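One structure is given here, and the rest of the page talks about it.
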Amino acid sequence: MTIDGKVALITGGSRGIGRAIALRLARDGAKIAVNYKSNEEAAKWVVDAVAEMGGEAMAVAADVAQSTEVENMVNRVVDAWGGVDILVNNAGIIHDGLLMRMPEEVWDEVINTNLKGTYNCTKEVLRFMVRKRWGRVINVVSVVGLEGNPGQSNYAASKAGVVAFSRSIAKEVASRNITVNSVAPGYIATEIVADLSPEFKELIFSRIPQNRFGTVDDVANMVGYLASEEANYITGEVIRVDGGIEL
């Protein structure tokens, strides 16, 4: 599923799922722009790892919730490599709490990063994809955005918004040979899941037919497929990578 020579921008690409996606797309032949907000050291680790594989990568700082920073980030990538062919909107934050106790700034912070950030990045790269008449936009959402979850109304709303956004944009750009899809992970073995209590982990296991957490590579492999030519006729879809979880 080669994507040799394509330019991929992965937001939140310095760790966890984003890092796995960056490494997967690099193995498939893409040039990798690793976006980060504050952890420059982690982003440089990914750049070095891609270089060790014989690929090309660069680290690009930006807060995706800020349109000016996104514009500057994309311009840096375009100046270096001539465009952006693959955009993976992976940057996201979680700030949980019951709605009745949720401050307005907490709601806004999650919505601005997860939903507005996806808008900012997608809008900025689409003009380059339209000119080339080829592109892949892959949005990392969550099963929580499909099912809801107590204490995560802001996160669920942001991810559900990205799903609807993706389906709408898919219809807008389909004639330009640009696909827009969402990948909805379940519980994936990342730093956040590692901090869960043993009791809560057991509860989650009881709801996952495969009786295990997913790995970051499980998600990255699906993103790799959607970025390839083999997925050329798939657009506007939400693909769950969740082991069959029942929320």
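The values are calculated or read from the model by the stated rules, or taken from the named source; none is laboratory data. Note that the structure is a prediction, hence the values are computed from the model and not measured. Because the Cβ atoms are built from the backbone with ideal geometry, glycine has one as well, and the counts that use them run over all protein chains shown.
Checked against (1) within 21 Å of ASN89 (Cβ to Cβ); (2) without any contact (Cβ under 8 Å) to a residue 40 or more places away in the chain, ALA189 passes all but condition (1).
Have a look at SER166, SER182 and point out the one that is among the small types (Gly, Ala, Ser) and outside any strand (DSSP E or B). Break it down into steps so the answer makes sense when it comes.
Working: SER182 fails: outside any strand (DSSP E or B).
After applying the criteria, what remains is SER166.
Might you let me know whether the stretch 38-55 holds any residue that is surrounded by fewer than 22 Cβ atoms within 10 Å (Cβ to Cβ), assigned to a loop (DSSP other than H, G, I, E, B) and among the charged types (D, E, K, R)? No, the stretch 38-55 contains no residue that is surrounded by fewer than 22 Cβ atoms within 10 Å (Cβ to Cβ), assigned to a loop (DSSP other than H, G, I, E, B) and among the charged types (D, E, K, R). From the list GLY5, GLY13, the one residue that fits, being in contact (Cβ under 8 Å) with a residue 12 or more places away in the chain and buried (at least 17 other Cβ atoms within 10 Å of the Cβ), is GLY13. The C-beta contact set for the stretch 85-110 (first residue over 20 Å from GLY12 (Cβ atoms), second residue at pLDDT below 95, distance under 8 angstrom, 6+ apart or interchain) comprises GLY97/GLY151; LEU98/PRO150; LEU98/GLY151. Being out of contact with any His (no Cβ under 8 Å at 6 or more places or on another chain) and within 25 Å of LYS31 (Cβ to Cβ) is a property that does not hold for GLU246.
When you check ILE138 against the structure, is it exposed (fewer than 15 other Cβ atoms within 10 Å of the Cβ) and under 20 Å from ASP217 (Cα atoms), yes or no? Steps first, answer last, please.
On the way: exposed (fewer than 15 other Cβ atoms within 10 Å of the Cβ): no; under 20 Å from ASP217 (Cα atoms): yes.
No.
Can you find even one residue in the stretch 116-127 that is of a type outside the set (Lys, Arg), modelled with pLDDT of 95 or more, over 17 Å from THR11 (Cβ atoms) and part of a helix (DSSP H, G or I)? Break it down stepwise before answering.
Residues of the stretch 116-127 of a type outside the set (Lys, Arg): 117-122, 124-126.
Within this subset, residues satisfying the condition of being modelled with pLDDT of 95 or more are 117-122, 124-126.
Filter again for over 17 Å from THR11 (Cβ atoms), leaving none.
Checked the stretch 116-127: no residue is of a type outside the set (Lys, Arg), modelled with pLDDT of 95 or more, over 17 Å from THR11 (Cβ atoms) and part of a helix (DSSP H, G or I).
Taking VAL70, is it buried (at least 17 other Cβ atoms within 10 Å of the Cβ), assigned to a helix (DSSP H, G or I) and within 16 Å of the chain's Cα centre (by Cα)?
Working: buried (at least 17 other Cβ atoms within 10 Å of the Cβ): yes; assigned to a helix (DSSP H, G or I): yes; within 16 Å of the chain's Cα centre (by Cα): yes.
Spelling it out, VAL70 is indeed buried (at least 17 other Cβ atoms within 10 Å of the Cβ), assigned to a helix (DSSP H, G or I) and within 16 Å of the chain's Cα centre (by Cα).
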